[in-house]
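What follows is one structure encoded as structure tokens, with my remarks underneath.
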Amino acid sequence: MNQAFKDEVIQHSKQIGIDKIGFAAVDVFSTLKERLKTQQELNFQSGFEKGDVEERTNPQKLMPGAQSIISIALAYPSKMKDAPRSKKDERRGIFCRASWGKDYHHILRDRLQKLADFLKEKHPDAQFKIMVDTGELSDRAVAERAGIGFSGKNCAIITPEFGSYVYLGEMITNIPFPPDKPVEDDCGDCNLCVDVCPTGALIQGGQLNAQKCIAFLTQTKGFLPDEFRSEIGNRLYGCDTCQVVCPKNKGKDFHLHDEMEPDPEIVKPLLRPLLTISNREFKEKFGFISGSWRGKKPIQRNAIIALANYKDKSAVEDLIAVMKNDPRPVMRGTAAWALGKIGDEKAIEAIEEAKKKEQDEQVLEEMEKGLAFFTSTTI
């Protein structure tokens, strides 16, 4: 396929709301293949990955006859207008920037489908496979090969124009396009993201232990390991630390897509109301953002931990109610732990009382942890 048609596709991509587009060859991602094997051996994977190593590194396995991969990037905002303040007795949590606005999976699929329609119109025999985040291919590896940006030490694609505040998606197609050249790595000696990662999840430049990454941990549904609870702070979903400290993101804040604009009350919500929110209320309020994909359970657990980290005494009654009445052991146990960390006399009495009726071993263990907080501060 000649350069003229590629230029035509690039021009059309701008008209349909794609901020950056790149084209890559369908060769096996051999470097990624070795990295994935290492990740498996070290148990650094999150468990959310789709497909085996072969499928994740060989486009031909996913679409026989594949000739090219088209990678796209859309820039999202890094700053929120009129953000509400978290204050005493009205503490708030936070969703990461990648969960602001409408779920990006829908936005990128819409753009990629429009692009596919254009390709089909020009070439009726065109075939394509669209992927956004949840597909087998690594969005980052494709974007890197397609010249969208370089893979930074924070494991994000960093573009010259938008920094790392971009959503990525791709399309495998049987249309051959001249490939673009990769962007040169520009992290240099900077190691800020690795140095400030709250849990040490960034092992070295470009290698992530997902099991320790706060962005992953906030999406788990069980009891959060003790060593990560204080590190989560008031995060309800995701973590932006490694992006915020990146010098390449300084001054980068793009408001190019209305559907990506955050509703401050949604992405920085009051914590206490989250403890009693129903499934229906949760879906109505948060269902359209990507941070809701795991349901309300992780968000509620993280809200309890955030209240504990704030030592919010105004939440004691709410937490006692969760500890006594919630049918889910994770919520009861985390609430007991939180009550102990807050350290209110009434909270401690409530833990002692609830302990007499509690049957679940893990919840009882959390209750003991809560009481131990109080004991250590009164000795």
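Starting from the Cα coordinates of the range 53-183, work out the convex hull volume and express it per residue in Å³.
137 Å³
What's the exposure ranking of Asp89, Asp253, Asp52, going from fewest to most Cβ atoms within 10 Å?
By the 10 Å Cβ count, ascending, the order reads Asp89, Asp52, Asp253.
Kindly point out, ordered by number, any Cys in the chain whose beta-carbon has no other cysteine beta-carbon under 4.7 Å away.
Isolated Cys, the chain: Cys96, Cys155, Cys187, Cys190, Cys197, Cys213, Cys239, Cys246.
Would you tally the net charge around Arg109, using a Cβ to Cβ cut-off of less than 14 Å, leaving Arg109 out, and scoring K and R as +1, D and E as -1?
Here the count lands on -3.
Give the lysines whose C-alpha is closer than 16 Å to that of Lys221, dropping any in the same chain fewer than 8 places away, or say none.
Lys212, Lys296, Lys297
To the nearest 0.05, what FRET efficiency results for Phe5 and Ser278 with a Förster distance of 51 Å applied to their C-beta separation?
0.45
Once each part is reduced to its C-alpha centroid, what is the distance from the range 182-197 to the range 273-308 in angstrom?
What the calculation gives is 34 Å, centre to centre.
Counting other Cβ atoms within 10 Å of each Cβ, which GluC sites (Glu not before Pro) in the range 184-268 have at most 12 and sit in a DSSP loop?
For GluC sites (Glu not before Pro) across the range 184-268 that sit outside H, G, I, E and B with at most 12 neighbouring Cβ atoms in 10 Å, the list reads Glu184.
Modelled label-to-label distance, Glu353 and Ile16, 7 Å Cα→beta-carbon offset: nm?
So the two model labels end up 6.1 nm from each other.
So how strong a dipole does the chain carry about its Cα centre when Lys and Arg Cβ are +1 and Asp and Glu Cβ are -1, to the nearest 20 debye?
The calculation lands at about 540 debye.
I'd like to know how the chain sits against the 2.2 N^0.38 Å rule of thumb: what's its Cα Rg over that expected value?
1.10
What dipole magnitude, in Debye to the nearest 20, does the range 207-346 give about its Cα centre under +1 on Lys/Arg Cβ and -1 on Asp/Glu Cβ?
Charge dipole of the range 207-346: 440 debye, to the nearest 20.
Among Ser290, Val322, Gly206, whose Cα sits farthest toward the positive end of the charge dipole of the chain (+1 at Cβ of Lys/Arg, -1 at Cβ of Asp/Glu, about the Cα centre)?
Of the candidates, Val322 comes out farthest on the positive side.
Helix-only mean residue ellipticity at 222 nm, the chain, DSSP H runs n ≥ 4 weighted -39,500 (n - 2.57), per residue, nearest 500. What is it?
Estimated from H runs of four or more residues: -12000 deg cm²/dmol.
Please list 3J(HN,Hα) in residue order for the range 329-338, calculated via the Karplus relation 6.51 cos²θ - 1.76 cosθ + 1.60 where θ = phi - 60°; whole Hz, with x for glycine and proline.
Result, rounded to whole Hz: x, 4, 6, 4, x, 5, 5, 5, 4, 5.
What does the charge count near Phe95 come to, summing +1 for each Lys or Arg and -1 for each Asp or Glu among other residues with Cβ under 14 Å from its Cβ?
Taking every other residue near Phe95 into account, the sum is +3.
Starting from the amide H of Asp263, placed 1.01 Å from N in the peptide plane, find each other amide H under 5 Å away whose residue is 5 or more places distant or on another chain.
Counting only residues 5 or more places away or on other chains, the set is Gly101.
What list of ³J(HN,Hα) values in whole Hz, one per residue of the range 220-231 in order, does the Karplus curve 6.51 cos²θ - 1.76 cosθ + 1.60 (θ = phi - 60°) give from phi, with Gly and Pro shown as x?
Residue by residue, the range 220-231 yields 6, 10, x, 5, 7, x, 3, 5, 9, 5, 6, 5 Hz.
Excluding Ser278 itself, what net charge comes from residues whose Cβ is under 11 Å from its Cβ, given Lys and Arg +1 and Asp and Glu -1?
Every neighbour counted, the sum reads +2.
Would you pull out the residues with amide H under 5 Å of Ser78's amide H, same chain only if 5 or more places away, H placed 1.01 Å from N?
Here the answer is Phe254, since their amide H atoms fall under 5 Å of that of Ser78.
Between Trp293 and Asp185, what FRET efficiency comes out of the Förster formula 1/(1 + (r/R0)^6) with R0 = 30 Å and r the beta carbon distance, rounded to 0.05?
My answer for the efficiency is 0.40.
Kindly write out, for the range 131-142 in residue order, the coupling ³J(HN,Hα) from the Karplus curve 6.51 cos²θ - 1.76 cosθ + 1.60 (θ = phi - 60°), rounded to whole Hz, with x marking Gly and Pro.
Values, residue by residue: 9, 9, 6, 8, x, 6, 5, 7, 4, 5, 4, 5 Hz.
What does the range 139-258 give for Rg and for Dmax, in Å, if only its C-alpha atoms count?
For the range 139-258, the Cα radius of gyration and maximum Cα-Cα distance read 16.1, 51 Å.
What is the set of long-range amide H partners of Phe23 at a cut-off below 5 Å, with H atoms built 1.01 Å from backbone N?
The list, which skips near neighbours in sequence, is Ser71, Asp180.
Laboratory data are not the source of any read-out in this text; all were calculated from the coordinates shown. In this text the structure is predicted, and so the values were computed from the model without any measurement. Don't worry about glycine lacking a Cβ; one is built from the backbone with ideal geometry, like all the others, and counts go over all protein chains shown.
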